[in-house]
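S.K.: Questions regarding the structure given below will be posed in turn.
The values are calculated or read from the model by the stated rules, or taken from the named source; none is laboratory data. Note that the coordinates shown come from a computational prediction; the quantities given were computed from them, not determined experimentally. Note: ideal-geometry Cβ built from the backbone for every residue, glycine included; neighbour counts use all protein chains shown.
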Amino acid sequence: MSTDEEHSDEPRGFLARLRARLNRGGASIAKDLRSLFRGRKIDAAVLEDLEARLLTADVGVEATNEILGDLNRRVARRELDDVEALLSALKARLVELLKPCEQPLKIQRGTKPYIVLVIGVNGSGKTTSIGKLARQLRMQGLSVLLAAGDTFRAAAVEQLKIWADRTGAAFSAQQTGADPGAVIFDALQSAQSRHIDVVLADTAGRLHSQTHLMDELRKVKRVIQRLDAEAPQEVLLVLDANQGQNALAQAQQFHAALGVTGLVLTKLDGSARGGIVVAIARALKLPIRFIGVGEKPEDFGPFDAQAFANALVDGAVQPTDAVT
């Protein structure tokens, strides 16, 4: 199969993996409500049960209240007669909340290099996300340089080098403990001289509450702007969906400190219940560039609001489920 054919097939395959892996424990909002209330008229008990399930799914209090307020009004107007109508309305409301955030990363090919600064807390999946993004960009025919700005962990540099070798990306690093700003500055100079299309700059993980480390990130951003006042063109925040509501707090504080322009939600195949994506979308309205549903490179893809809402409500397809 050619690279172009492989790339064209990936979006459909990724959406299938999303459906298969989000909430794959067997339970789902739809299955539970259908089993409990099939054939019943929608009443207060049904809506209370739905509220509990949205909260359990990490949708959050504010987003849940907004969704339930809308559904309650529709029930009062007798627009929703049964569970199926309620579930359809729920999915539609989720899409309304998520759709403004469905904004894929678009590399401006006239800007060389297009600089993507990747940030996040420890263990969120930054380095792996960079590698998977590099793979996608290379498949689009773009030249890429990976800058190892996480100088605190030798393992992070080694991991990034493996991804560079695997994807055919260029690589720039210095010794462990080097100044991150200097490392990324040198990488950008190298990218400019080599006419590289995209630089993906890794940074050390840090808690959003560590003021001195957040200051260091601001310094890195200022250093980048010495070479290009418009850079970085993208500040990409990687969030671990398993962190639940804490991921929202991380997003709020990183955004306040650095002006986040895009989000990556990782590890949605783990114990994450998915609803945190809704909470973040409602609260911040930041573009969600990518989501991750597994460890393989093809388990990383663009965010699709409709597909995500369907997967969140319907859950994973089980072997006994009908496949349409």
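S.K.: Restricting to the stretch 227-256, what's the tally of residues that are in a loop (DSSP other than H, G, I, E, B) and in contact (Cβ under 8 Å) with a residue 40 or more places away in the chain? Break it down into steps so the answer makes sense when it comes.
M.R.: Looking only at the stretch 227-256, we keep the residues that are in a loop (DSSP other than H, G, I, E, B), and these are 228-233, 244.
Add one more test, that the residue is in contact (Cβ under 8 Å) with a residue 40 or more places away in the chain, and what stays is 228, 230-233, 244.
So the answer is 6.
S.K.: Would you confirm, using the coordinates I've provided, whether T151 is at pLDDT below 95, assigned by TED's automatic domain parsing to the domain that holds A241 and more than 21 Å from the chain's Cα centre (by Cα)? Can you show your working first?
M.R.: On the way: at pLDDT below 95: yes; assigned by TED's automatic domain parsing to the domain that holds A241: yes; more than 21 Å from the chain's Cα centre (by Cα): yes.
When the stated conditions are applied, T151 passes them.
S.K.: Next up: Given the structure, is V59 in contact (Cβ under 8 Å) with a residue 12 or more places away in the chain, more than 30 Å from M214 (Cβ to Cβ), surrounded by 20 or more Cβ atoms within 10 Å (Cβ to Cβ) and among the hydrophobic types (A, V, I, L, M, F, W, C)?
M.R.: no
S.K.: Related question: Quick check on my filter: what residues within the stretch 80-124 are in a helix (DSSP H, G or I), among the acidic types (D, E) and within 22 Å of R289 (Cβ to Cβ)? So that I can check it myself, show each step before the final result.
M.R.: Taking the stretch 80-124 first, the residues in a helix (DSSP H, G or I) are 83-101.
From what's left, among the acidic types (D, E): 84, 96.
Within the stretch 80-124, just E96 meets the criteria.
S.K.: Moving on. Do the conditions hold for L137, that is, is it part of a loop (DSSP other than H, G, I, E, B), closer than 17 Å to K106 by Cβ and in contact (Cβ under 8 Å) with a residue 12 or more places away in the chain? Before you say what the answer is, go through the steps one by one.
M.R.: Working: part of a loop (DSSP other than H, G, I, E, B): no; closer than 17 Å to K106 by Cβ: yes; in contact (Cβ under 8 Å) with a residue 12 or more places away in the chain: yes.
Answer is no for this residue.
S.K.: Return the residue satisfying two criteria in turn: it lies in the stretch 296-317 and is touching a residue at least 24 places away in the same chain (Cβ under 8 Å) and closer than 21 Å to G123 by Cβ, and of such residues it is surrounded by the most Cβ atoms within 10 Å (Cβ to Cβ).
M.R.: Selected residue: F300.
S.K.: Next question, about the same structure. If you take the residues in the stretch 140-183 that are assigned to a helix (DSSP H, G or I) and small (G, A, S), which one is nearest to M214 (Cα to Cα)? Spell out how you get there, then give the answer.
M.R.: Step one: of the stretch 140-183, the residues assigned to a helix (DSSP H, G or I) are 154-167, 180-183.
Still in the running and small (G, A, S): 154-156, 164, 181-182.
Values: A154: 21, A155: 22, A156: 19, A164: 27, G181: 13, A182: 17 Å.
It comes out as G181.
S.K.: Which members of the stretch 94-113 meet the condition of being over 20 Å from the mean Cα position of the chain (by Cα) and touching a residue at least 24 places away in the same chain (Cβ under 8 Å)?
M.R.: First, pick out the residues of the stretch 94-113 that are over 20 Å from the mean Cα position of the chain (by Cα): 108-113.
Q108, R109, T111, K112, P113 - these are the residues of the stretch 94-113 that are over 20 Å from the mean Cα position of the chain (by Cα) and touching a residue at least 24 places away in the same chain (Cβ under 8 Å).
S.K.: Related question: Within the stretch 79-119, which residues are within 23 Å of N65 (Cβ to Cβ), among the basic types (K, R) and exposed (fewer than 15 other Cβ atoms within 10 Å of the Cβ)?
M.R.: K99
S.K.: While we're here: Would you call A281 small (G, A, S), closer than 23 Å to Q233 by Cα and touching a helix residue (DSSP H, G or I) at 6+ places or on another chain (Cβ under 8 Å)?
M.R.: Details: small (G, A, S): yes; closer than 23 Å to Q233 by Cα: yes; touching a helix residue (DSSP H, G or I) at 6+ places or on another chain (Cβ under 8 Å): yes.
Answer is yes for this residue.
S.K.: Okay, next question. Going through the stretch 28-46 one residue at a time, which ones are under 15 Å from L80 (Cα atoms) and either outside the structural domain of A57 (by TED's automatic domain parsing) or of a type in the set (V, I, T) (or both)?
M.R.: Answer for the stretch 28-46, where residues must be under 15 Å from L80 (Cα atoms) and either outside the structural domain of A57 (by TED's automatic domain parsing) or of a type in the set (V, I, T) (or both): I42, V46.
S.K.: Restricting attention to the stretch 136-172, which residues are among the hydrophobic types (A, V, I, L, M, F, W, C), within 20 Å of I119 (Cβ to Cβ) and touching a Gly at 6+ places or on another chain (Cβ under 9 Å)?
M.R.: V144, L146, F152, A156, L160, W163, A164, A169
S.K.: Related question: Could you grab me the full set of residues in the stretch 215-245 that are of a type in the set (D, E) and surrounded by fewer than 23 Cβ atoms within 10 Å (Cβ to Cβ)?
M.R.: From the stretch 215-245, those of a type in the set (D, E) are 215-216, 228, 230, 234, 240; that's our starting set.
Correct list: D215, E216, D228, E230, E234.
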